[in-house]
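Here is the structure we will look at.
Laboratory data are not the source of any read-out in this text; all were calculated from the coordinates shown. Here the structure is a predicted model, which is why all the values come from computation and not from measurement. Here the Cβ positions follow ideal geometry from the backbone for every residue, glycine too, while neighbour counts run over all protein chains shown.
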Ligand code: ATR
């Protein structure tokens with residue numbers, strides 16, 4: 001029976017086994033999917049062991065995505081752009097292929113599930129760490145009017161904007177520099193939510209009818225989701241849909257069949273605050 005797993009640290013809260021088990025049932029695929037606690041220093045040993053003993057595919061989450069990128073033999077173009085790998089697949093020749101389905105997952109949730117437009121819109125991306133980098137190329141591919149990256153450490157936002165400048169109209173700045181600006185969609189890719197905080201933003205950033213989206217998620221609404229609601233967002237969503245969509249893209253890479261996501265997102269939302 002084909003074996004899959006997610007590696008991360010911590011991993012206890014992971015929803016991935018549940019998501020992939022639902023996908024497998026829905027598509028009639030026979031497989032197992034486990035969660036394994038793997039701290040950064042054990043990643044290479046654990047990944048080698050997993051594939052040597054017949055494992056077919058892995059997901060990697062915090063803090064392993066950059067390590068997986070460095071370890072992998074063959075990389076997709078989008079993994080190279082993200083400098084991070086969230087999905088590893090064993091190839092028939094024994095090589096391990098590394099992909100990154102996070103950006104695709106975000107874009108599918110925004111545009112497909114939530115019906116939010118990107119083309120011609122003003123987008124604000126908060127955060128210039130790994131999570132922000134991973135979604136920049138797929139967002140710019142949808143031709144926003146402009147994409148502003150704002151970060152606590154301003155230089156990181158500017159460097160990231162410079163790196164992706166060939167792909168579209170992107171600039172980097174600090175939070176205070178946003179004063180007086182207006183955005184149709186504000187995305188949170190900072191780790192602030194995890195600590196119950198929100199970046200220190202000027203007021204009035206969200207255009208009338210604009211929406212907010214937190215790439216993070218939790219059992220309760222995140223601090224950024226609550227910030228969006230307080231700011232009058234038409235929609236203020238967390239990243240559960242992105243989580244399910246990145247998993248669907250990984251499942252398709254592994255199994256050659258694309259699972260439907262709507263019922264799985266509904267299952268995960270049932271019983272949340
Ligand atoms: P990830 O992979 O989750 O993106 P990361 O690469 O460590 O993790 O990046 C974390 C991001 O969250 C960064 O943009 C960080 O800002 P700095 O670059 O200035 O460190 C941001 N961040 C973390 N805590 C924050 C807070 N309390 N307020 C604002 N931004 C925060």
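When the chain is treated as a GNM with alpha-carbon contacts under 10 Å, the residue of 93, 73, 109 showing the greatest mean-square fluctuation is 93.
Taking 4 °C and 1.567 mPa s as the conditions, I'd like the Stokes-Einstein D for region 148-254 in µm²/s, using the Kirkwood hydrodynamic radius from alpha carbon pairs.
Translational diffusion coefficient: 87 µm²/s.
Taking 72, 53, 32 as the candidate residues, the one with maximal mean-square fluctuation in a Gaussian network model of the chain, Cα springs under 10 Å, is 53.
What separates the Cα centres of region 126-167 and region 88-103 is a distance of 25 Å. Angle of helix 43-52 to the longest C-alpha principal axis of the chain, folded into 0 to 90 degrees and rounded to 10: 40°.
Dividing the helix sum by the residues of the chain, where each DSSP H run of 4 or more adds -39500 (n - 2.57), gives a mean residue ellipticity at 222 nm of -10000 deg cm²/dmol. Is the C-alpha gyration tensor of region 1-69 telling us rounded, prolate or oblate? Criteria: a/c under 1.5 is rounded; beyond that, a/b larger than b/c is prolate, otherwise oblate. Since a/c reaches 1.5 but b/c is at least a/b, the shape of region 1-69 is classed as oblate. When you restrict to C-alpha pairs under 8 Å that are six or more residues apart and normalise by the size of the chain, the relative contact order lands at 15 percent.
Taking the longest Cα principal axis of the chain as reference, the axis of helix 154-164 is set at about 70 degrees.
Rounded to two decimals, the Cα-based Rg/Rh of the chain, with Kirkwood Rh, is 0.97. Of the peptides 228-238, 96-106, the order by per-residue mean of other Cβ atoms within 10 Å, starting with the highest, comes out as 96-106, 228-238. Rounded to the nearest 5, the antiparallel percentage of DSSP beta bridges internal to the chain is 20%. Treating the angle as unsigned and between 0 and 90°, give the value, to the nearest 10°, between the Cα long axis of helix 240-255 and the longest Cα principal axis of the chain. Its long axis makes an angle of about 30 degrees. Taken over the C-alpha atoms, region 209-273 has Rg and Dmax values of 13.6, 42 angstrom.
Can you give the Kirkwood hydrodynamic radius for region 15-144, in Å, rounded to one decimal and based on Cα pairs?
On the way: mean 1/r = 0.0621 Å⁻¹.
Across region 15-144, the inverse of the average 1/r is 16.1 Å.
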